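The structure under discussion appears below in the form of structure tokens.
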Amino acid sequence: MTPNAELRERLCRFALVRDLRGEEELVDALLGALRPAEFAAGTDIVTKGRSGTEAYLLVAGTAEVLDFTLQGEPYLKAVLTAEQAVLFGEVALVSDDLRTATVRARTACTCWVLRREDFLRLGDAHPRLGWVLLREIARLLAERLRRTNEDVLRLFEALVMEVEGGIGGG
């Protein structure tokens, strides 16, 4: 995208680049690497189990993060809105792992897409930009890992209570 003041301001709402306020050259370098993409309501933006090489910044619309039970039934994990200035799919920038959830457009969505090859090129050309982007990705992953650990602990405690209740309450 061709950088301008409005696009710089929109991009700086994202935690991904908040630390770059006032560093227009770096913000512009990132803007130059982003590609707009439109998704109709009901369209999967990313699909669990598929490989991916890009991350998405949600700039318009609402999307939902879905996971699936062992029987393949979908369940809602989160709702993402453009107002949240959210990044998703960021693992694909640093790893060849398969997608861990499906993100589906709940309404028509506009995303700015960052491809892995552009992310790597930006980091090589602008080490400070690469550092800021990696630090935010690490923060996001650490936050998600913490929430996952909490979920596992709750499930374990529920299982223990169920087993103990079944043994003594039977």
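The values are calculated or read from the model by the stated rules, or taken from the named source; none is laboratory data. The structure presented is a predicted model; accordingly, all values stated were derived computationally and were not measured. When we count neighbours, we look across all protein chains shown, and the Cβ atoms used for this are built from the backbone with ideal geometry, even at glycine.
Structure values in brief
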| quantity | calculated |
| --- | --- |
| Failed criterion for Arg121 (all others in (1) surrounded by 14 or more Cβ atoms within 10 Å (Cβ to Cβ); (2) in a strand (DSSP E or B) hold) | (2) |
| Hits in segment 126-150 (condition: among the aliphatic types (A, V, I, L, M) and loosely packed, with under 12 Cβ neighbours inside 10 Å) | Ala142, Leu145 |
| Among the residues listed as Leu129, Leu145, Leu140, Leu93, the single one being touching a helix residue (DSSP H, G or I) at 6+ places or on another chain (Cβ under 6 Å) and over 21 Å from Glu25 (Cα atoms) | Leu93 |
| Filter result (hydrophobic (A, V, I, L, M, F, W, C), in contact with a strand residue (DSSP E or B) (Cβ under 9 Å, 6 or more places away or on another chain) and more than 15 Å from Thr43 (Cα to Cα)) within segment 77-107 | Ala78, Ala82, Ala85, Val86, Leu87, Phe88, Val91, Ala92, Leu93, Leu98 |
| Among (1) touching a Cys at 6+ places or on another chain (Cβ under 6 Å); (2) under 19 Å from Leu30 (Cα atoms) - the single one Ala63 does not satisfy | (2) |
| Output for segment 11-65, where each listed residue is charged (D, E, K, R) and under 17 Å from the mean Cα position of the chain (by Cα) | Arg13, Arg18, Arg35, Glu38, Asp44, Lys48, Arg50, Glu54, Glu64 |
| Options Glu117, Glu136: the member that is among the charged types (D, E, K, R) and closer than 25 Å to Glu64 by Cβ | Glu136 |
| Residue identified as on the phi < 0 side of the Ramachandran plot, modelled with pLDDT under 95 and among the aliphatic types (A, V, I, L, M) among Leu30, Leu66, Leu11 | Leu11 |
| Near pairs, Cβ below 7 angstrom, 6+ apart or cross-chain, from segment 143-160 (farther than 26 Å from Leu87 by Cβ) to any residue that is at pLDDT 90 or above | none |
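Conditions tested, residue by residue: (1) under 25 Å from Leu145 (Cβ atoms); (2) without any contact (Cβ under 8 Å) to a residue 60 or more places away in the chain; (3) among the β-branched types (Val, Ile, Thr).
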site: Asn4; (1), (2), (3): no, yes, no
site: Gly22; (1), (2), (3): no, yes, no
site: Leu31; (1), (2), (3): no, yes, no
site: Phe39; (1), (2), (3): no, no, no
site: Ser51; (1), (2), (3): yes, yes, no
site: Leu57; (1), (2), (3): yes, yes, no
